[in-house]
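Just below is one structure, and these are the notes that go with it.
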Amino acid sequence: MSCSSDIRLLFATRIVRMFAYGLLAVILALYLAQAGLSDAEIGLLLTLTLLGDTLISLWITTRADRAGRKRMLLIGAALMVFAGILFAVTHNFYLLLLAATIGVISPSGNEVGPFLAIEQSALAQTLPGEKRTQVFAWYQLAGSLATALGSLTGGGLAQSLQSGGATPLASYRFGILVYAALGALLAAMFGFLSRRVEISLSEASKTQANVLGLGRSSKIVVKLAALFSLDAFAGGFVVQTIVAYWFYVRFGVNPATLGAIFFGANIFAGISALSAAWIAGKIGLLNTMVATHAPSNVLLILVPLMPTLPLAITMLLLRFSISQMDVPTRQSYTLAVVSPDERSSAAGVTNIARTLGASLAPAFSAPLINLPALSGAPFIISGSLKLIYDFILYRSFKTIKPAEEREKA
């Protein structure tokens, strides 16, 4: 199999996975509520879901370069199937907790698990530096479009089943089973990856790696991970499941409409990623990350201040139209400033730091939504913390440039 075939396959696995995540995010909180869990239990379960994904992903990604990227991707897909099946067959909180901790479940509609770090390391291995951000932008767009379609499908499927006589609980359970089936499809697709996605043993053994699989790049990765964790903690207050639940509580929005809202939001997010690659070519990766992220956070703060549903949706869509420009640039910047033989570990540690940060917030944000005086607090807290992150990131890394930017200077 050629490198281009592996790249196409990695794009395809990204699409399948993000479709599954988007489908699940719209219905997960509604399913748990119908299953009899309280708001506090839902928030705690979502937090522990993200925390469990963090621990599993840390173990997998820090070993991927040396133990085999394909092998670790297959393990991740198997854990996705396990979590989906267990969520669908039981309402017992402790069994759900087991599935959340060991399995791979995305309550946010965003990437969780080990997949992103390993896939992007494999992509970066086959790409010249000047093409990396552009390919990552298309990779981000593919994921955003798939998430959008998954959100639309998840909401529409639940609404259609309910219109056909199914109970809300049964309709949401069916969506969970679809998620598990897509995990099985993902495993089958990973089986076709060639050895070209693996780093050679000689390259992998150049660095005396620590427990995180890092050597020369440890210091910079730790600094990036700390900042990315702050950003993700802020984002955890407004994960897609929480925002969907907020629209349901505040405006009584039905599942089909929720799916349509997040379909549009993810379309805007995906398109904006392509613009990020062009902007980064002009002003640099770090400048693009900050200049596009900060105004999106102001728009996020405005969402709960809107008095009507159309205005709230408008603010959300405007926010999504620029909020994801920092994603391909952030990912490209991280892989550009670390050693090639530490990329899976670096991407894994920084992504896991983000997941860990995000995992702490839903337990606080979910109970606030049903308190009229504080229902908008998650949006305001999130936007404010993200603005602080933008300021610190720029101050800390403005002098550290990727090789391709240093060559231009």
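Checking each residue of region 56-70 against the condition of being open to solvent by 40 Å² or more (accessible area, probe 1.4 Å), under 26 Å from Val238 (Cα atoms) and part of a loop (DSSP other than H, G, I, E, B) gives no match.
Flag: Tyr389 does not match the condition of being touching a residue at least 24 places away in the same chain (Cβ under 8 Å) and farther than 22 Å from Ser144 by Cβ.
Please specify each residue of region 272-282 satisfying the condition of being open to solvent by 40 Å² or more (accessible area, probe 1.4 Å) and among the polar types (S, T, N, Q). Selection gives Ser275 alone. Gly164 - would you say it is out of contact with any Asp or Glu (no Cβ under 6 Å at 6 or more places or on another chain), crowded, with 18+ Cβ neighbours inside 10 Å and either of a type outside the set (A, V, I, L, M, F, W, C) or farther than 29 Å from Met325 by Cβ (or both)? In short, no. Taking region 71-100 as the range and being open to solvent by less than 40 Å² (accessible area, probe 1.4 Å), β-branched (Val, Ile, Thr) and in contact (Cβ under 8 Å) with a residue 60 or more places away in the chain as the test, only Val81 passes.
Only helices (runs of 4 or more DSSP H) wholly contained in region 283-392 count here; list those with 2 or more residues that are open to solvent by less than 10 Å² (accessible area, probe 1.4 Å), touching a helix residue (DSSP H, G or I) at 6+ places or on another chain (Cβ under 7 Å) and small (Gly, Ala, Ser). Spell out the reasoning first.
Working: elements: 285-302, 309-323, 326-336, 343-360, 362-369.
Per the criteria, 309-323, 343-360, 362-369.
A count restricted to region 179-194 and to residues that are open to solvent by 40 Å² or more (accessible area, probe 1.4 Å) and either assigned to a helix (DSSP H, G or I) or within 23 Å of Ser151 (Cα to Cα) (or both) stands at 4. If you go through region 272-281 one residue at a time, do you hit one that is of a type in the set (Gly, Ala, Ser), out of contact with any Gly (no Cβ under 9 Å at 6 or more places or on another chain) and either without any contact (Cβ under 8 Å) to a residue 24 or more places away in the chain or not in a helix (DSSP H, G or I) (or both)? No; the residues of region 272-281 include none that is of a type in the set (Gly, Ala, Ser), out of contact with any Gly (no Cβ under 9 Å at 6 or more places or on another chain) and either without any contact (Cβ under 8 Å) to a residue 24 or more places away in the chain or not in a helix (DSSP H, G or I) (or both).
Modelled with pLDDT under 90 and within 18 Å of Pro378 (Cα to Cα), is that true of Leu356? Break it down stepwise before answering.
Numbers: modelled with pLDDT under 90: yes; within 18 Å of Pro378 (Cα to Cα): yes.
Answer is yes for this residue.
Evaluate region 107-116: report whether one residue or more is under 30 Å from Ser218 (Cβ atoms), polar (S, T, N, Q) and assigned to a helix (DSSP H, G or I).
no
When only residues in region 122-150 that are of a type outside the set (A, V, I, L, M, F, W, C), at pLDDT below 85 and in contact with a Gly (Cβ under 9 Å, 6 or more places away or on another chain) count, which is most open to solvent (accessible area, probe 1.4 Å)? Filtering region 122-150 for residues that are of a type outside the set (A, V, I, L, M, F, W, C), at pLDDT below 85 and in contact with a Gly (Cβ under 9 Å, 6 or more places away or on another chain), the one most open to solvent (accessible area, probe 1.4 Å) comes out as Glu130.
One residue alone among Leu316, Leu311, Leu305, Leu299 is over 14 Å from Ser382 (Cβ atoms) and modelled with pLDDT of 85 or more, and that residue is Leu311.
Quick check on Val135: is it in a loop (DSSP other than H, G, I, E, B), touching a helix residue (DSSP H, G or I) at 6+ places or on another chain (Cβ under 7 Å), touching a residue at least 12 places away in the same chain (Cβ under 8 Å) and among the hydrophobic types (A, V, I, L, M, F, W, C)? Even if it seems obvious, please write down each step before you answer.
Details: in a loop (DSSP other than H, G, I, E, B): no; touching a helix residue (DSSP H, G or I) at 6+ places or on another chain (Cβ under 7 Å): yes; touching a residue at least 12 places away in the same chain (Cβ under 8 Å): yes; among the hydrophobic types (A, V, I, L, M, F, W, C): yes.
No.
All told, Ala269 falls short of being in a helix (DSSP H, G or I), open to solvent by 40 Å² or more (accessible area, probe 1.4 Å) and closer than 30 Å to Ala403 by Cα.
Considering Gly259, Gly252, which residue is open to solvent by 20 Å² or more (accessible area, probe 1.4 Å) and within 25 Å of Leu44 (Cα to Cα)?
Values: Gly259 fails: open to solvent by 20 Å² or more (accessible area, probe 1.4 Å).
Residue meeting the stated conditions: Gly252.
For region 393-409: of the residues being assigned to a helix (DSSP H, G or I) and among the basic types (Lys, Arg), which is nearest to Leu44 (Cα to Cα)? Full working, then the answer.
Start the filter on region 393-409 by keeping residues that are assigned to a helix (DSSP H, G or I), which leaves 393-397, 403-408.
Imposing the further condition that a residue be among the basic types (Lys, Arg) reduces the set to 395, 406, 408.
Working: Arg395: 34, Arg406: 45, Lys408: 48 Å.
It comes out as Arg395.
The values are calculated or read from the model by the stated rules, or taken from the named source; none is laboratory data. Only a predicted model underlies this, so the values are computations on that prediction, with no experimental measurement involved. Every residue, glycine as well, gets a Cβ built from its backbone with ideal geometry; the counts of neighbours run over all protein chains shown. Each accessible area value is taken on the protein alone, full model and side chains, heavy atoms only, with ligands, DNA and RNA left out. Shrake-Rupley method; radii C 1.70, N 1.55, O 1.52, S 1.80 Å.
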